[in-house]
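Let me begin by presenting the structure, written as structure tokens, before commenting on it.
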């Protein structure tokens, strides 16, 4: 089969960030045993992109609300990890030595 790229999928989902979130979610489903919707012998990430390019996988909800929820969830996860390590504030940038 021909190589699949993110550009091949931009026809079905124009937002690159949304496309990657969708592909990652579908790849996780495939890795956990979900049945592929297209015939191919690729790893889950490539199969997910092939499914998106074929129009078999897409967002059901409003893309913007999904992305906002994903970003908020990621921020909360990262904040929780920082607190569990005893870090309550973001790290200060290091001064460059020239």
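The values are calculated or read from the model by the stated rules, or taken from the named source; none is laboratory data. Owing to the predicted nature of the structure, the values given are computational and were not obtained by experimental measurement. Methodologically, a virtual Cβ is constructed for each residue, glycine included, from the backbone with ideal geometry; neighbour enumeration extends over all protein chains shown.
Every residue, every condition in (1) free of Cβ contacts under 8 Å to residues at least 60 places away in the same chain; (2) touching a helix residue (DSSP H, G or I) at 6+ places or on another chain (Cβ under 9 Å); (3) loosely packed, with under 11 Cβ neighbours inside 10 Å, yes or no:
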site	(1), (2), (3)
30	yes, yes, no
35	yes, no, yes
48	yes, yes, no
53	yes, yes, no
56	yes, yes, no
62	yes, no, yes
68	yes, no, no
73	yes, no, yes
81	yes, no, yes
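Restricted to helices (runs of 4 or more DSSP H) entirely inside the chain, those with at least 3 residues that are at pLDDT below 85 are 6-9, 63-84.
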